[in-house]
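What follows is calculated from the coordinates using simple rules that are stated; it is not laboratory data. Computed from a predicted structure; not experimentally measured. Backbone-built Cβ (ideal geometry, glycine too); neighbour counts: all protein chains shown.
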Amino acid sequence: MKVITTINEMQNEILKHKGSGQSIGFVPTMGFLHEGHLTLISKARKENDIVVLSIFVNPLQFGPKEDFSTYPRDFDRDRALAEAEKADYLFYPSVEEMYPEEPSVKVIVQERTEVLCGKSRPGHFDGVATVITKLFHIVMPTRAYFGKKDAQQVAVIDGLISDLNFPVQLIPVDIVREADGLAKSSRNVNLLPEERLQAPAIYLSLEKAKKAIENGEQNPHILTSMIKELITSETNGEIDYVEMLSYPQLKSVEKIEGTIIIAIAVKFSKVRLIDNMIIAID
């Protein structure tokens with residue numbers, strides 16, 4: 001695996017591979033890799049000739065109350081994990097390399113951001129869309145891999161690819177879960193022992209709602225109440241939101257039809273957990 005830190009070198013390497021007709025699988029990350037990231041790399045490895053992993057903590061997507069400087073970083077560990085998953089390139093640019101001066105152009109996301117986590121993080125997805133636009137131009141991927149755990153991000157990237165006509169296939173990858181159903185996350189270590197025992201109730205509530213839909217329930221308000229009741233009775237967590245929206249458009253629905261997402265965020269004492277389920281209704 002080759003580590004590359006400059007845009008010019010990364011583009012030159014990619015152009016050689018594309019010139020010989022090789023496909024490029026791309027996994028963009030902010031590092032501090034966990035099993036979810038490794039699943040993305042593994043899938044990209046199976047489906048492409050060349051795999052590029054990027055690690056870049058993007059300052060544009062951090063709000064004024066979110067500390068960019070304390071975001072967890074461990075490059076040596078990340079490099080070893082990426083190499084074990086047989087990535088071909090690790091693109092690791094500095095902030096100065098990506099943004100040598102204040103950008104004169106930024107991407108503004110008009111839709112799919114005023115709900116879920118985007119509601120409390122104004123400007124966050126503008127920063128995501130701007131850096132992904134840059135990375136797509138640098139890596140020129142055939143396929144780009146994103147985890148469904150951050151389903152709102154997947155929806156925003158879907159719109160970015162479609163609206164700006166990127167010749168990139170978006171590959172959303174299923175959530176990686178613990179044996180008890182809890183969505184894997186580096187934040188799970190911050191759960192207190194009692195909270196860790198309670199947290200799988202989030203996934204159980206999604207499963208309960210899915211079963212109700214399969215049995216004919218079409219009222220999102222009834223389903224939302226069902227989820228809230230289960231989480232409230234089984235955990236000490238504070239519900240941030242439970243929403244049912246069309247997917248990937250992320251619009252409110254009055255009836256369960258088409259493809260919808262059920263998305264949940266719950267605050268525990270030291271950590272906020274998110275989970276979701278995307279359901280296609282025939």
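Could you calculate, for the stretch 186-280, the ratio of the Cα radius of gyration to the Kirkwood radius, expressed as Rg to Rh? Please list the in-between numbers first.
Working: Rg = 13.4 Å, Rh = 13.6 Å.
Using Cα coordinates only, the ratio equals 0.99.
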For the stretch 1-61, the spread of Cα positions along each principal axis, largest first, Å
33, 27, 20
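So what's Rg/Rh here for the stretch 86-146, counting alpha carbon atoms and using the Kirkwood radius for Rh? Intermediate results must be reported in sequence, preceding the final value.
Details: Rg = 13.8 Å, Rh = 13.6 Å.
When Rh is taken as the Kirkwood radius, the ratio is 1.02.
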With a Förster distance of 45 angstrom and the Cβ-Cβ distance between residue 57 and residue 163, calculated FRET efficiency to the nearest 0.05 equals 0.95
Which semi-axes, in whole Å and largest first, does the equivalent ellipsoid of the chain have when worked out from the alpha carbon gyration tensor as the square roots of 5 times its eigenvalues?
33, 21, 19
Under a crude label model (7 Å from the Cα following the beta-carbon direction), how far is residue 207 from residue 251 in nanometres?
3.3
What ratio of Cα Rg to 2.2 N^0.38 Å holds for the stretch 1-126?
1.16
Where a ≥ b ≥ c are the square roots of the eigenvalues of the C-alpha gyration tensor, would you call the stretch 107-175 rounded, which needs a/c under 1.5, or, failing that, prolate if a/b is larger than b/c, or oblate?
oblate
Which residues does a label at residue 86 reach in the stretch 1-43, if reach means a backbone N under 12 Å from a point 7 Å past the Cα toward the Cβ?
42-43
Once you mark the GluC sites (Glu not before Pro) that are in a DSSP loop and have at most 16 other Cβ atoms within 10 Å, what is the longest gap between them in the chain?
1-65
Evaluate the relative contact order of the stretch 36-140 (contact order divided by residue number), counting alpha-carbon pairs under 8 angstrom at least 6 apart; express in whole percent.
36
Calculate the length of the line joining the C-alpha centroid of the stretch 113-171 to that of the stretch 209-282, in whole Å.
23
Let me know the volume per residue of the alpha-carbon convex hull for the stretch 70-184, in Å³.
157
Sequence neighbours fewer than 8 away in the same chain don't count; with that in mind, list the aspartates and glutamates whose C-alpha is under 17 Å from residue 16.
49, 88
When all alpha-carbon pairs of the stretch 193-247 are counted, what percent fall beyond 14 Å?
54
What is the dipole size for the chain, taken about its Cα centre, with +1 at each Lys and Arg Cβ and -1 at each Asp and Glu Cβ, in debye to the nearest 20?
240
What trypsin sites (Lys or Arg not before Pro) does the stretch 27-116 have in DSSP loop regions with at most 10 other beta carbons within 10 Å?
65
Length gained when the stretch residue 232-residue 77 is fully extended (0.36 nm per residue, less Cα-Cα span):
52.0 nm
